[in-house]
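Just below is one structure, and these are the notes that go with it.
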């Protein structure tokens, strides 16, 4: 029997198409309510083969952000990490900012506006949620500003999961009213901790994240299934448009709560 099963084992090498590495720019500027917001980080890396466990960092780039007053905030790399840090960033709500990344002889730029966000007012728990009525639902409520068209990004990180869950919403049907973000899971149990974050985002970033979340939710779980198209962000290569970077430059005010499931 042992010989039979051993003889059935066969290593299958999957020959996947390869492509030249592409620059990836993770430039999410987040200003947490109640903090100065002066410490910010931008990460640079490149794409890697499908089966690679290593994300190659990008070193030696010049990274800076310019505000509407032409003040320049330089981001300096922590040697060899691909993480570029700034300690004197000055966040201004509804302020306009431009990102510039110079790398390998080419320059990448993007512009965005720092969007405000309401505070999380209160949290409610429902122990009879989901289709089966057995899931725990957590709702975080906040009041929408009725004078502006607003877009929101929600982040949920339960203590038992490594990867957070995300969702987006717009206030089109809730102008000036109370809105809630919802997290539901059959894996939630009393005593678990749920980190809840809400971010003010632009309409462009809302559209971008909406596509990414839709792809992640409908992927079907196949390890070899590819997204229907490359999702382009707002970062432009000023010298060679075809050699575009992946990622997005966003600026958000944020509010968060750590909730203990009852």
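Values quoted throughout were computed directly from the atomic coordinates according to the rules given, and no laboratory measurement underlies them. What you are looking at is a predicted structure, and each value in this text was computed from that prediction instead of being measured. Heads up, the Cβs are rebuilt from the backbone with ideal geometry, glycines too, and the neighbour counts pull from every protein chain shown.
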Which distance in nm do the two modelled labels at residue 70 and residue 124 give, with both placed 7 Å along the Cα-to-Cβ direction?
5.3
In nm, give the distance between the simple-model label positions of residue 48 and residue 106, each being 7 Å from the Cα along the Cα-to-Cβ direction.
2.1
Specify the inter-centroid distance of the stretch 119-159 and the stretch 170-188, based on alpha-carbon positions, in whole Å.
4
Could you work out which residue, out of 56, 190, 91, moves most in a Gaussian network model of the chain, that is, has the largest mean-square fluctuation with Cα springs under 10 Å?
190
Give me log10 I(q)/I(0) at q = 0.13, 0.29 Å⁻¹ for the stretch 59-104, Debye formula, one equal scatterer per alpha-carbon, no solvent.
-0.31, -1.07
Taking R0 as 51 Å, what FRET efficiency do you get between residue 242 and residue 132 from their Cβ-Cβ distance, rounded to the nearest 0.05?
0.55
Rounded, prolate or oblate: pick one for the stretch 89-204, where a ≥ b ≥ c are the square roots of the eigenvalues of its C-alpha gyration tensor, a/c under 1.5 means rounded, and failing that, prolate if a/b is larger than b/c, else oblate.
oblate
Ranked by GNM mean-square fluctuation in the chain (Cα springs under 10 Å), the top entry among 61, 239, 169 is 239
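Taking square-rooted eigenvalues a ≥ b ≥ c of the alpha carbon gyration tensor, is the stretch 145-186 rounded, prolate or oblate, where a/c under 1.5 means rounded and, failing that, a/b exceeding b/c means prolate?
Prolate shape, in that a/c is at least 1.5 and a/b is the bigger ratio.
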Cα gyration tensor shape for the chain, rounded if a/c is under 1.5, else prolate or oblate
oblate
Beyond 26 Å, what percent of the Cα pairs of the stretch 126-262 remain?
36
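Take every DSSP beta bridge with both residues inside the chain and express the antiparallel ones as a percent of the total, to the nearest 5.
85
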Most exposed first, judged by fewest Cβ atoms within 10 angstrom, 33, 172, 115, 43 run 172, 33, 43, 115
Given springs between every Cα pair under 10 Å in a Gaussian network model of the chain, which of 119, 231, 168 has the largest fluctuation?
231
From DSSP H assignment alone, runs of 4+ in the chain each adding -39500 (n - 2.57), the sum over residues rounded to the nearest 500 puts [θ] at 222 nm at -2500 deg cm²/dmol
